[in-house]
Amino acid sequence: PFTNLGDMHNDEGKIITRMVIAPDGYGYAISNDGNTFIRFSTGKNVKIEQLGTLVDDPDNNGISIHNRCSSYGGDMICDDKGNLYILSARNHVFKVNTSSKIATHLGSIKGLAQNFTVNGAVVDGDGQLLVSSAVDGSNYFVVNPKDWNATPYASNNIFRSSDLANGNYLASK
């Protein structure tokens, strides 16, 4: 009922894999294939709005938000201006303007372990991103959003995990 997409059996493109609550108090959800973009309220009077399909920025150099090989899965964070950032399972980063629905490819995360897939992401207290993998449980990584370089996160407790969340937003400056 949330997506109005009906049966999702054997259609991974329809599955909602990225969700975030933005500074405007609304939640946003995006399907794997980027064809379902939803905004929802979280208060007593729940409202679910189908916003349509994400649109590739013409400057993406052929890397599409709709491409299964580069852009499915992952997690999503938000900046303090309400822009969404999709970190795909294949470690690509897209910035989504919620008004225009344009998805701009910002690059790939560099420095991750070979088998690491980004499946969870949060903004830490220093304005960096902490990312986790549901596939590679060897380490978490801290990602610098200025250059998308990753460095291992020092911890003795690493769990394969996805769909992380906290109350921090990425600073837009």
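The values are calculated or read from the model by the stated rules, or taken from the named source; none is laboratory data. Note that this is a predicted model, so its numbers are computed, not measured. Accessible surface areas use protein heavy atoms only, side chains included; no ligands, DNA or RNA. Shrake-Rupley method; radii C 1.70, N 1.55, O 1.52, S 1.80 Å.
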Tell me, what % of the accessible area of the chain is carbon and sulfur with a 1.4 angstrom probe?
48
Solvent-accessible ranking of D75, D24, largest area first, probe 1.4 Å:
D24, D75
Shape of the chain, Cα gyration tensor, a/c cut at 1.5
rounded
Tell me the accessible surface of Y85 in square angstrom (1.4 angstrom probe, heavy atoms of protein chains only), to the nearest ten.
20
Counting only protein heavy atoms and rolling a 1.4 Å probe, one gets per residue an accessible area for the chain in Å² of 52
Compare K101, K44, K146 by solvent-accessible area with a 1.4 Å probe and give them largest first, with all protein chains kept in place.
K44, K146, K101
Let me cross-check E12: its accessible surface, 1.4 Å probe, with only protein heavy atoms counted, in Å² to the nearest 10?
80
Too long at a 21 Å Cα-Cα cut-off: which of K95/K146; K81/K146; K14/K81?
K14/K81
Interchain or long-range residues, amide H under 5 Å from T17's placed H:
I30, N32
How much mean residue ellipticity at 222 nm does the chain get from its helices, if each DSSP H run of length 4 or more adds -39500 (n - 2.57) and you divide by all residues, to the nearest 500 deg cm²/dmol?
-500 deg cm²/dmol
List the aspartates and glutamates whose Cα sits under 20 Å from the Cα of K47, skipping any in the same chain fewer than 8 residues away.
D24
Taking a 1.4 Å probe, which of V122, V135 shows the most accessible area, and what order do the others take after it?
V135, V122
Here the gain from full extension of A134 to I15, 0.36 nm per residue of separation minus their alpha-carbon distance, amounts to 41.2 nm
Taking all pairs of distinct alpha-carbon atoms in region 45-125, Kirkwood radius in angstrom:
13.5
Over region 90-173, what lengths in whole Å, largest first, do the semi-axes of the equivalent ellipsoid take, defined as the square roots of 5 times the eigenvalues of the alpha-carbon gyration tensor?
22, 14, 12
